[in-house]
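Visitor: Just passing along the structure, written as structure tokens.
Values in this text are rule-based calculations from the coordinates and carry no lab data. Fair warning: this is a prediction, and the values are worked out from it, not measured in the lab. We place every Cβ from the backbone using ideal geometry, glycine too, and count neighbours over all the protein chains shown.
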Amino acid sequence: MHDFPADVEYSERGEGPVLLLLPGSFGTGSGWKTVTDRLARSYRIVTTSLLGYGATAERRPLGNSTMRQQTEVIDRILERIGEPAHVVGHSFGGLAALVHAIEGAVKPASLMLVEANPLGLLKTWGENDLYAMFGAMTRDYFAEFEAGRPDAARHVIDFYGGEGTFAAFPAKIRDYVVKTTPANIRDWSSGTTFEHPRSAYQQIAVSTLVVRGGDGHPAMMRIAEILAEFIPHARLQTVAGGSHFLPATHPTELARLLDIHVETGIA
């Protein structure tokens, strides 16, 4: 047992089966509130922020970031929880949950992957045109970041949410995105190198619910299909009218799916 790091955000409430919710890039644990408010009477709910966001310190060197740095933090959180937890991850948090399920020391009770983005999966499965869409976006994004353009991350937000999504964000959210862009650069540099073989996904032995938005990006739609097909105990759910940012836009539906998933192992 390790001491829990003081610089990792940890918040919990409620009693019952444990849910650990991992936000995506640019997100914090509070971003799950509209989902967890619908579940707090039935579950012990633990939220956190990933490295470089919220109250969780950045510990990944720029240019030398790995997913292991992220999964080690998840292991520490699960150790602190002290009992099996159903791990829920959105976007990059979904990738972190997926990598942890494969490589982590403390295995989850189940997984719920919401718009998870293991981009390397597209490459492994030969979806080269879809993989190239991410490459084109990140080239522009990284170039503008290196050139010092403050709103370089709009490329990411608009890629997932559609043109104009970043501009439509409230000023407070846009400012936070700008502030945490260096953390997101680390997310991309660590996440894009995760290219495990098909056999790695088949090692995931827990019930897994894969959730995608019905109006999501084609690459994300395909990623969800592949995950649901190759993780042995996985099912796919599509949220009609939803896109990438489902915890914000469809909290009631996510809470419903999560409740059914935990209670029955199906959705």
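Visitor: I'd like the trypsin sites (Lys or Arg not before Pro) in the stretch 21-113 restricted to DSSP loop residues with at most 11 other Cβ atoms within 10 Å, sorted by number.
Guide: Of the trypsin sites (Lys or Arg not before Pro), the ones in loops of the stretch 21-113 whose Cβ has at most 11 other Cβ atoms within 10 Å are Arg41.
Visitor: Residue separation times 0.36 nm, minus the C-alpha to C-alpha distance between Asp215 and Asp37: what's the value?
Guide: Separation in residues times 0.36 nm, less the Cα-Cα distance, equals 61.5 nm.
Visitor: Now for a separate question. Considering amide H positions built from the backbone, and no H for Pro or chain starts, which residues 5 or more places from Leu22, or on another chain, come under 5 Å of its amide H?
Guide: Val88, Gly89, His90
Visitor: For the chain, set up a GNM with springs between Cα atoms under 10 Å and report which of Leu20, Leu98, Leu257 has the largest fluctuation.
Guide: Leu257
Visitor: When the Karplus curve 6.51 cos²θ - 1.76 cosθ + 1.60 is applied with θ = phi - 60°, which whole-Hz ³J(HN,Hα) does each residue of the stretch 16-30 get, with x for Gly and Pro?
Guide: Coupling constants for the stretch 16-30: x, x, 8, 10, 10, 10, 10, x, x, 4, 6, x, 9, x, 5 Hz.
Visitor: Could I ask something else about it? Computed FRET efficiency, Cβ-Cβ of Asp158 and Glu79, R0 30 Å: what is it to the nearest 0.05?
Guide: 0.20
Visitor: Taking the Cα atoms of the stretch 201-262, report the difference between the largest and smallest coordinate on each principal axis, in whole Å and largest first.
Guide: 32, 27, 13
Visitor: With +1 on each Lys and Arg Cβ and -1 on each Asp and Glu Cβ, and nothing else charged, work out how big the dipole of the stretch 39-105 is about its Cα centre, in Debye to the nearest 20.
Guide: Dipole magnitude for the stretch 39-105 comes out near 160 debye.
Visitor: Can I ask one more? When the C-alpha atoms of the chain are aligned to their principal axes, what extent does each axis show, in angstrom, from largest down?
Guide: Result for the chain: principal-axis Cα extents of 48, 39, 33 Å.
Visitor: Which residues in the stretch 95-120 place their backbone N less than 17 Å from a point set 7 Å from the Cα of Ser199 along the Cα-to-Cβ direction?
Guide: Within reach of a label on Ser199, which here means backbone N under 17 Å from a point 7 Å along Cα→Cβ, the stretch 95-120 contributes 102-103.
Visitor: List the residues of the stretch 1-29 whose backbone N lies under 17 Å from a point placed 7 Å from the Cα of Val178 along the Cα-to-Cβ direction.
Guide: Zone members listed by number: 26.
Visitor: Another one. On full extension of the chain, what length is gained from Glu12 through His233, given 0.36 nm per residue of separation minus the C-alpha to C-alpha distance? Mind showing how you got there, number by number?
Guide: Numbers: separation 221, 0.36 × 221 = 79.56 nm, distance 2.81 nm.
Roughly 76.7 nm would be gained on extension.
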